[in-house]
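The values are calculated or read from the model by the stated rules, or taken from the named source; none is laboratory data. All of these numbers come straight from a predicted model, not from anything done at the bench. Quick reminder, even Gly has a Cβ in these numbers, built from the backbone with ideal geometry, and neighbours come from all protein chains shown. Each accessible area value is taken on the protein alone, full model and side chains, heavy atoms only, with ligands, DNA and RNA left out. Shrake-Rupley method; radii C 1.70, N 1.55, O 1.52, S 1.80 Å.
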Amino acid sequence: MVSEPRPLPRVVVAAPASGHGKTTIATGLLAALRRRGLTVSPHKVGPDYIDPGYHALAAGRAGRNLDPFLVGAERIAGLLRHGASVPTPADVAVVEGVMGLHDGAVGRRDFASTAHVARLIDAPVLLVLDTTAQGRSAAALTLGMAAFDPAVRIGGVILNRVGSSRHERLLRDALGEVGVPVLGAVTRAAEVTAPARHLGLVPVAERAPESLAIVTALAELVEATVDLDAVLTLARSAGPLTAPAWDPVAAVGGPADAGRPRVAIAGGPAFTFSYAETTELLTAAGADVVTVDPLHDPALPTGTRAVVIGGGFPEAYAEALAGNTALRAELADFDGPIVAECAGLLYLGRSLDGVPMCGRLDLTARMTGRLTLGYREAVAVTDSPVARGGEPVRGHEFHRTATDPGHGDRPAWRWNDTAHGFVAGRVHASYLHTHWAGHPEAARRLVEACR
């Protein structure tokens, strides 16, 4: 007899729009619940890399993304259960939303929105409201957010940036009129914020001691202002989650027939953008996954057969990256497959804002004032270590840089009738961020390419 999956209490932290304080509340909740002795599983809707870093610091385990566009709606519940089961089963899951509750991929209504994910995982929503310059209208806004999609259950509200005790009473009375409980109230004076950069918050890895202090302050803030017992009661009201946990071994079809090649993934402060599932899929495909820090490590780990260089902020560390001449030279001559996304693309070029990089690709890169952002439906143009020509892949762009040229003679991808990226020998590099849980064959192909 097959037993039912272990119950997973869960709650989605959402807001009417960006800037209401979702990350503050979600990170504080994770840390406060952990301080209670609970094992908490942290998740983030959308392709964001930075918020999950704060989540991981707060929860003490990997922050994971739930993005229907990148991985497929059919995998979301399984990925949630997987994240909540490793390395140990979680007592509760906290899912931070993206943008406004009902904001989905452009042109696709609410697909990939917080509301969409809340439905897919059958979880109640805890709505965070910035109440600055707002009184009774907060209740109307909450009611409208709930009525817009009756399949999404708003189980409570946290009032943020409350001006005074009188303001709080007014807000609580108004929300009581529409039957939505207030589970917490944070005053403007008590608000804690993390430092920001042009692409969002500054990643945890770049300011570890300060980040830990911020997470501690957020835990104390939530403990003092939020009814944690009520939040847990709300999380336990989630319906049964019957989807089996996603399995990286099943996703890649088991280990490839390539021995146990060592694959180095770039890490450290300059390259912080990586999904936890990338390492899990490579390991499931038979790789020995190790980390290399291009800021400090003078060489690739001994026996490295392939390299993965993800996103991050190389522009903030250009001089230090340039100063590690030994590793740059090794990557310029490395004869194994290299997969690079966004920051990795810039690092492999000849220069970034005039500062020398690896020179593996014949391109120069520069910072611009223009933000390139959005989901992409791409098609692989050229066979490479991670894709086959003609294969469709979904990804995401998020950068303020440009390369010259914009693509190579053998482009990596094509979307919107335009070529993008570079395939040069065994190198695959582009601005496109991909989530390999959505196309796990990439991990297996990379391992097989090590032969």
Accessible surface of segment 1-133 [probe 1.4 Å, protein heavy atoms]: carbon and sulfur percent: 54
Between segment 78-105 and segment 426-451, the alpha-carbon center distance in angstrom: 24
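How large is the charge dipole for segment 257-414, taken about the Cα centre, if only the Cβ atoms of Lys, Arg (+1) and Asp, Glu (-1) carry charge, to the nearest 20 debye? Please report the intermediate quantities before stating the final value.
Working: 14 positive and 20 negative charges, 55 e Å.
Using Cβ point charges on Lys, Arg, Asp and Glu, segment 257-414 gives about 260 debye.
Could you tell me the relative contact order of the chain? Use alpha-carbon pairs under 8 Å, at least six residues apart, and round to a whole percent. Let's see the in-between values first.
Numbers: 1039 pairs, mean separation 63.3, N = 451.
After rounding, I find 14 percent.
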Cβ-defined net charge surrounding V152, 10 Å radius [Lys, Arg +1; Asp, Glu -1]: 0
Residues whose placed amide H lies under 5 Å from that of A238, excluding near-sequence neighbours: R10
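Sort 13-23, 409-419, 278-288 by packing, meaning the average of other beta carbons within 10 Å per residue, with the highest value first. Before the final figure, lay out each step's value.
Numbers: 13-23: 21.5, 409-419: 16.3, 278-288: 23.3.
By packing density, highest mean first, the sequence is 278-288, 13-23, 409-419.
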Segment 200-325, accessible surface, carbon-and-sulfur percent (1.4 angstrom probe): 56
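Would you please put 38-49, 107-118, 386-397, 289-300 in order of how densely packed they are, using the mean number of other Cβ atoms within 10 angstrom per residue and starting with the highest?
Working: 38-49: 24.1, 107-118: 20.8, 386-397: 18.3, 289-300: 16.8.
The peptides rank, most packed first, as 38-49, 107-118, 386-397, 289-300.
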The chain, helix-only ellipticity at 222 nm - DSSP H runs n ≥ 4, -39,500 (n - 2.57), divided by all residues, nearest 500: -8500 deg cm²/dmol
Segment 309-451, accessible area per residue, ligands and nucleic acids excluded (1.4 Å, Å²): 38
Segment 362-430, dipole about Cα centre (Lys/Arg Cβ +1, Asp/Glu Cβ -1), debye to the nearest 20: 200
Accessible surface of segment 331-403 [probe 1.4 Å, protein heavy atoms]: carbon and sulfur percent: 47
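Is the C-alpha gyration tensor of segment 238-298 telling us rounded, prolate or oblate? Criteria: a/c under 1.5 is rounded; beyond that, a/b larger than b/c is prolate, otherwise oblate. All intermediate terms of the calculation are to be shown ahead of the outcome.
On the way: a/c = 5.32, a/b = 1.44, b/c = 3.68.
Cα axes put segment 238-298 in the oblate bin.
For the chain, what is the charge dipole size about the Cα centre, in debye to the nearest 20, if Lys and Arg each add +1 at the Cβ and Asp and Glu each add -1 at the Cβ? Write down the numbers at each step before the final one.
Working: 42 positive and 46 negative charges, 100 e Å.
Around 480 debye, computed over the chain.
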Positive-end extreme of charge dipole, segment 355-410 - chosen from V381, L371, A402 (charges on Cβ): L371
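Go through 93-100, 248-255 and give me the packing order, highest mean Cβ count within 10 Å leading.
On the way: 93-100: 25.2, 248-255: 16.5.
Those peptides, ordered most packed to least, come out 93-100, 248-255.
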